[in-house]
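Take a look at the structure below.
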Amino acid sequence: MIKYDHTNYILRYWSQIKSGKIRVSRKVRKVYEQLAIDCKSKVSKYHFDIDRASRPIFFVESFCKQSKGVIGQPLKLQLFQKAAIQAIFGFVDANGYRKYREVLWIMGRKNGKSAILSALGLYMMIGDHEGGAEIDCVASKKDQAKIVFTESKNMVSQSPYLSKYIRKRKSDMYSDFNFGVFQPLSSDSNTLDGLNPHCGVIDEL
């Protein structure tokens with residue numbers, strides 16, 4: 001059985017914000033102040049599940065390799081990225097349904113946006129215990145939609161583990177064991193009807 005790192009990165013990030021070691025906007029400060037409160041709440045419909053919160057971090061850092069820069073090196077997430085991932089995946093109700101279904105993640109250039117979205121897309125495809133998981137990378141133009149998809153495809157090529165479960169096809173990726181699919185789509189695509197995404201990545205919204 002896999003043992004995940006059970007560090008609460010939301011509380012660690014909030015501690016450094018509160019102490020002034022990390023400077024953020026007032027809006028981000030307010031968000032993490034509330035998330036820190038919610039982590040300890042005993043009365044909310046949603047509770048913080050550290051195992052669910054930590055699983056995608058383990059997946060990204062263990063199995064996803066860089067496809068740019070130092071090719072083949074494991075991805076290493078920064079504190080703000082780990083805190084955000086735990087916030088997205090960690091708050092669930094008694095049935096395991098996530099509190100946060102839509103996330104607007106605004107990130108400055110050269111902060112690894114495409115890399116982290118690519119890795120999380122792969123996690124949602126094969127690591128989220130979803131049968132027939134459909135992962136759609138969507139943008140106004142097909143070339144833009146392919147940026148995250150191509151990075152994900154390159155990550156699979158770099159990773160012996162991911163390559164065992166995910167195979168590349170002409171225009172998408174497919175995982176046989178759970179019938180998952182990962183595909184790039186544009187707003188002018190003919191295939192937008194009938195979509196049923198488990199995860200949609202909208203790049204450059």
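Observations on the model:
- Taking all protein chains into account, the per residue accessible area for the stretch 1-85 stands at 65 Å² (1.4 Å probe).
- For a label point 7 Å along the Cα-to-beta-carbon line of Arg23, residues of the stretch 62-99 with backbone N under 20 Å: 79-81
- Protection proxy ranking of 172-183, 98-109, 115-126 - average other beta-carbon atoms within 10 Å, highest first: 115-126, 172-183, 98-109
- Across the stretch 172-183, computed HN-Hα scalar couplings (Karplus, 6.51 cos²θ - 1.76 cosθ + 1.60, θ = phi - 60°) run 7, 10, 9, 10, 5, 5, 10, 6, x, 9, 10, 9 Hz from first to last residue, x flagging Gly and Pro.
- Built amide H within the under 5 Å cut-off of Val201, gap 5+: Asp136, Cys137, Val138
- Integer Hz, Karplus 6.51/-1.76/1.60 couplings in order for the stretch 90-101, x for Gly and Pro: x, 8, 9, 8, 5, 8, x, 7, 6, 5, 9, 9
- FRET E, pair Lys30, Arg169, Förster distance 35 Å, beta-carbon r, rounded to 0.05: 0.20
- Across the stretch 118-145, the residues whose backbone nitrogen lies under 15 Å from the label position 7 Å along the beta-carbon direction of Asn178 are 119-136.
- Solvent-accessible area, 1.4 Å probe, carbon plus sulfur percent, for the chain: 50
- For Ile22, the amide hydrogen comes within under 5 Å of the amide hydrogens of Ile17, counting only partners 5 or more places away or on other chains and with H modelled in the peptide plane.
- Using θ = phi - 60° and Karplus 6.51 cos²θ - 1.76 cosθ + 1.60, couplings along the stretch 45-60 (whole Hz; Gly, Pro as x): 4, 10, 10, 8, 9, 5, 5, 5, 5, 8, 4, x, 5, 4, 4, 4
- The gain in end-to-end length when the Arg12 to Lys68 segment is fully stretched comes to 17.2 nm, 0.36 nm per residue minus the alpha carbon separation.
- Shape category assigned to the stretch 109-205 from the gyration tensor of Cα positions, a/c cut at 1.5: oblate
- For the chain, the longest principal axis of the Cα atoms and the long axis of helix 9-19 meet at an angle of about 50 degrees.
- DSSP beta bridges fully contained in the chain are about 45 percent antiparallel.
- Kirkwood hydrodynamic radius of the chain, from inverse mean 1/r over distinct Cα pairs, in Å: 17.9
The values are calculated or read from the model by the stated rules, or taken from the named source; none is laboratory data. Here the structure is a predicted model, which is why all the values come from computation and not from measurement. Don't worry about glycine lacking a Cβ; one is built from the backbone with ideal geometry, like all the others, and counts go over all protein chains shown. When the accessible area is computed, the model is the full protein with side chains, heavy atoms only, and any ligands, DNA or RNA have been set aside. Shrake-Rupley method; radii C 1.70, N 1.55, O 1.52, S 1.80 Å.
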